[in-house]
């Protein structure tokens, strides 16, 4: 091979590797932004659990770890934001995080302050969703959509737990059960989409099957909801099962991100 042709081949190879690295990086950024959605709800779940003395030790550890992870990932997302629209979205997420963090840290969790915590959690979720959607659109690849979809499952597991624990505390009224049913239907539909996606490997299918098993247990725990009645045992089952579903879907989302 002539020297010029050899140099051209090397340049092509390096460009391909750089493109692959960029794709991998984008998938990981989508994963992180999507994880912020989940954390917005996981922190609210922990607050509600602590206020009702449900799995106190686990809830306290989980809240602290979730707040630390959210903070760290904000910095990582800020560093990765090369597009003006994404950077603006992350600034909005950061601005909404400040009052949410303050509400979470404002003394012992109690029912009087819970509505503000839930309102702040909803704002953070909205901003994190906007940021994730922008990143998925920029990626322009179906694997980014898989990362987004599986990552949203993590959030739904926590969102449903928030609705259950909130309703048990007399928050959300009759609409909580309707919202739980709607979120559950979205979760099940997304599981079917992921199982049929061409990007889904055999290993991921096994993980999705495990998540579906945990989902069955979750559904049984959710059926114990009695709005306005704090049932520590039922709420504990909801709390811990939502954590198990989260753990499995975290692995699934990571696998999709690595495929990117």
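The values are calculated or read from the model by the stated rules, or taken from the named source; none is laboratory data. All values reported here derive from a predicted model rather than from experimental measurement. Here the Cβ positions follow ideal geometry from the backbone for every residue, glycine too, while neighbour counts run over all protein chains shown.
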- prompt: Is there any pair linking a residue in region 207-221 that is within 18 Å of residue 150 (Cα to Cα) to one that is modelled with pLDDT under 95 and in a helix (DSSP H, G or I), with Cβ under 8 Å and at least six apart or on different chains, and which?
  reply: none
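Conditions (1) in a helix (DSSP H, G or I); (2) in contact with a helix residue (DSSP H, G or I) (Cβ under 7 Å, 6 or more places away or on another chain); (3) at pLDDT 95 or above, marked per residue:
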position: 181; (1), (2), (3): yes, no, yes
position: 187; (1), (2), (3): yes, yes, yes
position: 213; (1), (2), (3): yes, no, yes
position: 226; (1), (2), (3): no, no, no
position: 240; (1), (2), (3): yes, no, yes
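On the basis of being under 19 Å from residue 167 (Cβ atoms) and assigned to a helix (DSSP H, G or I), does residue 203 make the cut?
On the way: under 19 Å from residue 167 (Cβ atoms): no; assigned to a helix (DSSP H, G or I): yes.
Against the criterion (under 19 Å from residue 167 (Cβ atoms) and assigned to a helix (DSSP H, G or I)), residue 203 does not qualify.
So which of 252, 193 ends up being assigned to a helix (DSSP H, G or I), in contact (Cβ under 8 Å) with a residue 40 or more places away in the chain, crowded, with 21+ Cβ neighbours inside 10 Å and within 20 Å of the chain's Cα centre (by Cα)? Can you show your working first?
On the way: 193 fails: crowded, with 21+ Cβ neighbours inside 10 Å.
The unique qualifying residue is 252.
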- prompt: Give me the pairs: first residue in region 74-100 and surrounded by 14 or more Cβ atoms within 10 Å (Cβ to Cβ), second residue not in a helix (DSSP H, G or I), beta-carbon distance under 6 Å, and six or more apart or on different chains, which are they?
  reply: 87/81; 90/81
message: Looking only at region 132-157, count every residue that is crowded, with 24+ Cβ neighbours inside 10 Å and within 9 Å of residue 37 (Cβ to Cβ) and tell me the total.
response: 4
message: With the requirement that a residue be in contact with a helix residue (DSSP H, G or I) (Cβ under 9 Å, 6 or more places away or on another chain) and either without any contact (Cβ under 8 Å) to a residue 40 or more places away in the chain or surrounded by 15 or more Cβ atoms within 10 Å (Cβ to Cβ) (or both), what does region 228-238 give you?
response: 230, 231, 234, 235, 236, 237, 238
